[in-house]
Amino acid sequence: MKINTDGVLLGAMAGDAEPLNILDIGTGTGVIALMLAQRFTDAKIDAVEIDEQAAATAKNNFSNSPFANRLALYAKGFKQFFEDHPEKRYDLIVSNPPFYINSLQSPGVRTNLAKHAADGFFESLMSAIAAHLTEVGICWLILPVDTSALVKNLALQSGLYLQKTISIHSFKDVTAHREILAFGKNNTQTQTDKFVIYSEPKVYTETYREVLKDFLTIF
């Protein structure tokens, strides 16, 4: 579970206000949670990870960071986490979830946990998120475009409205391969934006550099 483009984009772009309570569902090794801790200096951040090895790595990364006192790691799935903490509410919930719905399973169990969503996964995820957002809270997800269409419908069924869509393109003239979605409880007009990663092969756009300059040492 290495650092990937999806994760760093979500970590750099999620959240418009100043959330005080944040939840990262499926934190992996903790990169997104750490980025949010860097961005939102007053926020307390809970991070949930079902894979034991990834959770152990995230916990170690948290304890060795300057934000250790504001980060908490829970080595369990989101369903168990919410069953154990039904009272928790968040101003910001983020997730870079597994997205290969009903596809062939990978050989490794850990890869399956990280990358494959069984039937009912997204229904449960969106329902749980809706129940644990504050009234003004926002949920941010990054998803492949085909999965994004499904999740938009499930979110609406759970009482969440699409507030923002950012289409992610490798190059400006190619079709989007990911979407960052922001959902909330208020039915407002959906904002749309386009984000391009490369200006040419192996050359990042200025926009990409600007968004990630505070997080990646290559910039």
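If the requirement is being in a strand (DSSP E or B), farther than 16 Å from Leu125 by Cβ and more than 16 Å from the chain's Cα centre (by Cα), which of these qualifies: Ala72, Ala56, Ala17?
Values: Ala56 fails: in a strand (DSSP E or B); Ala17 fails: in a strand (DSSP E or B).
Criteria check complete, one pass: Ala72.
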Query raised in the report: Of (1) closer than 25 Å to Gln80 by Cα; (2) in contact (Cβ under 8 Å) with a residue 24 or more places away in the chain; (3) not hydroxyl-bearing (Ser, Thr, Tyr), Glu52 satisfies all except one. Which?
Result: (2)
Query raised in the report: Quick one: in the stretch 47-86, which of the residues that are of a type in the set (Gly, Ala, Ser) and closer than 22 Å to Pro19 by Cα is surrounded by the fewest Cβ atoms within 10 Å (Cβ to Cβ)?
Result: Ser63
Query raised in the report: Mind checking which residues of the stretch 131-148 are modelled with pLDDT under 95 and in contact with a Leu (Cβ under 9 Å, 6 or more places away or on another chain)?
Result: Leu143, Ser148
Query raised in the report: under 24 Å from Pro86 (Cα atoms), within 15 Å of the chain's Cα centre (by Cα) and of a type outside the set (Asp, Glu), is that true of Val31?
Result: no
Query raised in the report: Taking the stretch 186-206, which residues are over 18 Å from Pro144 (Cβ atoms) and buried (at least 17 other Cβ atoms within 10 Å of the Cβ)?
Result: Tyr204, Thr205
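Please work out if Val145 is within 16 Å of the chain's Cα centre (by Cα) and surrounded by fewer than 14 Cβ atoms within 10 Å (Cβ to Cβ). I'd like the intermediate steps shown before the answer.
Numbers: within 16 Å of the chain's Cα centre (by Cα): yes; surrounded by fewer than 14 Cβ atoms within 10 Å (Cβ to Cβ): yes.
The answer is yes for Val145.
The values are calculated or read from the model by the stated rules, or taken from the named source; none is laboratory data. These numbers were taken from a predicted model, which means no experiment stands behind them. Cβ sites come from the backbone with ideal geometry, for glycine too, and all protein chains shown count toward neighbours.
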